[in-house]
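Have a look at the structure below, then the notes.
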Amino acid sequence: MFRFKTLAFLIVVASMVLAACAPAATQAPAQPAAEKPFGQASCAPNCGYKDMTMCFPQLGAESDWRTADTASFKSEAEKDGFKLVFSDAQQKQENQISAVRACIQQGVSVIALPPVVEDGWDAVLTEAKNAGIPVIIVDRSVSADPSLYMSHIGSDMVLEGQRAAAEFNKKFPSGAKILELSGTTGSGAAVGRAKGFRQDLNSNITIVDSQTGNFTRAEALPVMQAFLQKYKAGTDFQGIFIHNDDMGIGAIEALKAAGVKPGDLFIVSVDGTRGGFQAMVDGWFQADVECNPLLGPQVAEMALKIMNGQSVDKNVLTNETVYYPDNAAELLPTRQY
Ligand code: GZL
């Protein structure tokens with residue numbers, strides 16, 4: 001009996017020793033560290049604006065709209081206390097791309113890119129992504145794959161074009177012939193506005209001719225002069241769709257020189273700048289479709305969220321309206337741009 005008990009004891013001890021030495025076959029494999037959200041900074045989740053360096057390779061200074069947009073970013077940086085790496089590309093994409101590359105080298109926290117045209121951004125956006133730098137597309141849109149940037153914040157340009165078309169449809173129920181002064185060729189603003197305008201314009205309203213004025217007063221003046229050489233105001237065309245107020249102001253100079261009077265033509269512009277409001281007060285514009293340039297605060301807020309690892313919406317569109325001459329004089333003093 002004693003020997004049996006001794007044997008049983010030895011078997012229990014041996015199995016305990018073996019169990020303790022056996023590999024932990026049932027332990028779950030070590031979990032990989034959780035991927036941190038793209039663009040999250042080392043100061044997350046407590047990053048403040050003092051930790052942020054925002055690259056803002058502005059496309060140019062071609063219009064009052066653009067001037068207000070730039071001021072919106074500079075004043076926001078001043079107010080919040082973040083560093084703004086600003087440059088002016090003079091409406092040249094190659095300059096914007098060089099500025100983005102310089103910011104990548106600098107290792108900025110975020111790039112806020114207002115693209116002058118829609119195409120040609122895939123390579124540099126891929127470089128930014130590979131460098132771990134988040135990009136927010138600001139104002140106009142890009143055709144690049146959305147996986148290459150965090151978000152787009154700006155206007156619905158197609159809707160702006162549709163709103164302009166609605167004004168012509170209302171004015172000319174029996175039809176009309178009109179001209180178009182379009183914005184920068186290939187820009188998201190000009191492409192979208194032209195698309196929306198044509199989508200909704202009634203079929204009995206004909207666009208007799210369309211030329212670009214590159215969103216500037218200086219370039220719109222000769223285009224309007226050439227139009228007036230070719231077409232008789234009132235007879236060959238009864239209205240003009242103009243993609244921004246600055247080109248509208250350039251066009252007015254040519255119309256005045258040709259003896260056209262305020263109200264002779266039905267003109268719809270876009271932006272809603274002070275210059276556009278003045279043109280409505282003076283009777284030249286019969287409507288001005290709003291396009292808001294004051295994007296600095298929204299972009300700064302989104303950039304900080306990204307630095308703190310928070311998720312952001314892929315596309316943030318500005319709520320906008322249409323302004324009319326009937327209250328333009330009253331609103332003009334209140335306009336911020
Ligand atoms: C629109 C913006 C356009 C404005 C123009 O969001 O990109 O560019 O309508 C500006 O005034 O030049």
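The values are calculated or read from the model by the stated rules, or taken from the named source; none is laboratory data. Given the structure is predicted, the values throughout are model-derived calculations rather than measurements. Cβ: placed from backbone, ideal geometry, glycine included. Neighbour counts: every protein chain shown. The protein model used for the area step is the full one, side chains on, heavy atoms only, and it has no ligands, DNA or RNA in it. Shrake-Rupley method; radii C 1.70, N 1.55, O 1.52, S 1.80 Å.
Here are some notes:
- Contour excess over end-to-end distance, with Cα ends at A61 and D236 and 0.36 nm allotted per residue: 59.6 nm
- The range 100-259, accessible surface, carbon-and-sulfur percent (1.4 angstrom probe): 50 percent
- Scalar couplings 3J(HN,Hα) for the range 259-274, obtained by applying the Karplus form with A = 6.51, B = -1.76, C = 1.60 to θ = phi - 60°, are x, 6, 9, x, x, 5, 10, 9, 10, 10, 10, 9, 2, x, 7, 4 Hz; x denotes Gly and Pro.
- Counting only protein heavy atoms and using a 1.4 Å probe, the accessible area of M307 comes to about 0 Å².
- The chain: relative contact order as a whole-number percent, Cα under 8 Å and 6+ apart: 18 percent
- Amide proton proximity set for I205, modelled H, under 5 Å, gap of 5+: A176
- Euclidean distance of C-alpha centroids, the range 313-337 and the range 162-199, integer Å: 19 Å
- One chain, two ends: N130 and S311. Fully extended at 0.36 nm per residue, the span grows by 63.2 nm beyond their Cα-Cα distance.
- Heavy atoms of the protein chains alone define the surface here; on that basis the range 111-261 has 37 Å² accessible area per residue at 1.4 Å probe size.
- At the residue level, C47 shows approximately 10 square angstrom of accessible surface with a 1.4 angstrom probe and all protein chains present.
- In this Cβ point-charge picture (+1 for Lys and Arg, -1 for Asp and Glu), the range 227-337 has a dipole of about 220 debye about its Cα centre.
- Backbone HN-Hα couplings from phi across the range 52-67 [Karplus 6.51/-1.76/1.60, Hz, Gly and Pro as x]: 9, 10, 9, 8, 10, x, 4, 6, x, 9, 6, 8, 4, 4, 5, 4
- Residues whose amide H comes within less than 5 Å of that of S87, counting only those at least five positions distant or on another chain, are F56, Q58 (H built at 1.01 Å from N in the peptide plane).
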